[in-house]
Each structure stands twice: as C-alpha cells, then as structure tokens.
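First the structure, in the form of structure tokens, and then the observations on it.
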Amino acid sequence: MGSSTRRGIVVRGRCWPYSAHVVERLERRRLLAVANGIWTGAGDGINWTSAANWSNNVIPGPGDDVVINVTANPTVIVSGTQSVKSLTSSETIVISGSLNVAGAGLVKLSVLAFGTGGKLDINANDILLTGTSRATVEGYVRTAYNGGAWNGASGIFSTTAKNNAQVTTTLGVLSGADYKLLNGPTFDGQSVANTDALVKYTYYGDVNFDGFTDGLDYIFIDNGFLSHSTGWANGDVNYDGFVDGLDYIFIDNAFLSHGPGL
Ligand SMILES: [Ca+2]
Ligand SMILES: [Ca+2]
Ligand SMILES: [Ca+2]
C-alpha cells in the first residue's frame, strides 16, 4: 500500500522510473569503497583474528592501513602471524602472536603489552606510544634486542636493523619529555606529550633522535659514561644497563659510517 505513486527521475520533461537494480548496484559500490583494516569490533570485539571485527569482514593484510579507534575501549588481542602496511590504535593492544608492519610510516599506539612469545616487528619505522611508559617500552626493545642478536622471546623488533650487515642501526627509546627538550614538540609530524614514549629506527648513538650520530650525541654519551647513567638518552645503546666501552664500539662504528639521515 502507498506505493502507487510513481517514483522516478525527471529528465527533459519525461519521468524515468528508478531501476531498483541500479540503486542496489550503487549501494553495493558504496559499501565496497570502505577500505580494509578499519576496526569495527562488530565480531567478538576483541580478537584480531575475528574477521567480523574488521571493515568488509576481512582480516587486514600487508597492503592495509590498520586503524583501531572505537567508542568502546576494548583490549584487542593479536594472535597468529599478522602483517599490515601501517598501524594506528587508540585502544589497548596485547600481542600474543606476531605483528609485522610492512609499510613505511609512524606507528601510533596507546597501551601496548605482550603475551608470551608476542612480537611486534616495526622494521625501519618509528613508534609513538601515548599510554605506555618509556621504561616499559625500553624493556620491550631490550628483550627483543637480546644483546644485539634480535632473537628475543618477545617485544619490539626491527628486522631491518637485524639484517643491517654494517650493524650501524638499531631501535632507540626516548621519553616524550626528553624528546621535546631536544627537538621541539613534534615527532614524525605528530605532537608529543611529556608522558609519551618514542621508539626510533636510527643509528647507534643517535641519543638525541635527530637521525644522525655526531658530536652533539657524544656530549650526551660522554656525560652519561662519566656519570654512570643508563638508558638510551645517556648512551646505553645496547640496553645492558651500563654506558661503557661496548656501547662506544657500536656508536663509533655508526659515527664513522656517515650514513644518510634517518
Ligand atoms: Ca576507544
Ligand atoms: Ca643525533
Ligand atoms: Ca650499554
């Protein structure tokens, strides 16, 4: 009932009836226009491996820019072997499997945690974490780095650094407060809060995160050595808790290589 009114589009004085088929095709095209990799949480709302949690009901792959940001504040569990192009999340992420960031671009995270054997491989990318402390993040890198072998049981990895035959690059960790003091308010184009933690793929010894290892870094490192300090900011670039001759071997090697800015 009520459908007797003729519906259509008036063109040149003639009313052309709608084609239900055309409308259906347009709607389908609109749905397909949503990219893969957008978290909807429409499945179980928690598991990365539940396709129904993702746009188009597709678990994202190495060509997809992943964005996890919903009104609810779920803890998203990553399991299995996953690879994405880029990763941005405002929600808590717990990695129990392995997650590889295959593309180029800043990884933006809030709270990051690892289950047993969980691995995040950022290759040559950087990370900005808004909900995880510098000390916790440094622990993740230390565990993965495992004295330079990059074969730790879990944590934040860089396969790019591992495969660097010159052993000039690694992952550095700074607090937002230290970074801002040295470089100003933005990191890879994103504004930084004092409580943020930053991870940078850079040269051994680039303790100020400007992408080079140079005399300015040596001022900080020498000071760290003389004051028996620790942490990346003070020159403990191999994360063993000391600034000592072993760090200087890595740092001098990177300094002498004069690689391009990172
Ligand atoms: Ca949320
Ligand atoms: Ca530097
Ligand atoms: Ca050290």
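Across segment 233-238, rounded Karplus estimates of 3J(HN,Hα) from the backbone phi angles (6.51 cos²θ - 1.76 cosθ + 1.60, θ = phi - 60°) give 4, 9, x, 7, 7, 10 Hz, Gly and Pro being marked x. Between the C-alpha center of segment 99-163 and that of segment 198-232 there is a gap of 19 Å. Cross-link partners for K119 among the lysines, with Cα-Cα distance under 27 Å and sequence neighbours closer than 8 places in the same chain left out: K85, K108, K162, K200. A simple rule links phi to the HN-Hα coupling: the Karplus curve 6.51 cos²θ - 1.76 cosθ + 1.60 with θ = phi - 60°, which for segment 146-153 gives 6, x, x, 7, 6, 10, x, 6 Hz, with x for Gly and Pro. Taking every alpha-carbon pair under 8 Å whose residues sit at least 6 apart, the chain reaches a relative contact order of 10 percent.
How much length is gained on full extension from A51 to L181, taking 0.36 nm per residue of separation minus their Cα-Cα distance?
The span from A51 to L181 would gain 42.5 nm if fully extended.
Subtracting the Cα-Cα distance of Q190 and H228 from their residue separation scaled by 0.36 nm leaves 10.4 nm.
Taking 0.36 nm per residue of sequence separation and removing the Cα-Cα distance, the A33/D244 pair yields an extension gain of 70.5 nm.
Taken one residue at a time, the phi angles of segment 206-212 give Karplus couplings (6.51, -1.76, 1.60, θ = phi - 60°) of 7, 6, 9, 6, 9, x, 9 Hz. Gly and Pro are set to x.
Close amide H partners of N47, meaning residues 5 or more places away or on another chain with modelled amide H under 5 Å apart, are I77.
Computed from the coordinates by the stated procedures, all read-outs in this text should not be read as laboratory data. Please read these numbers as outputs of a predicted model, since none were measured by experiment.
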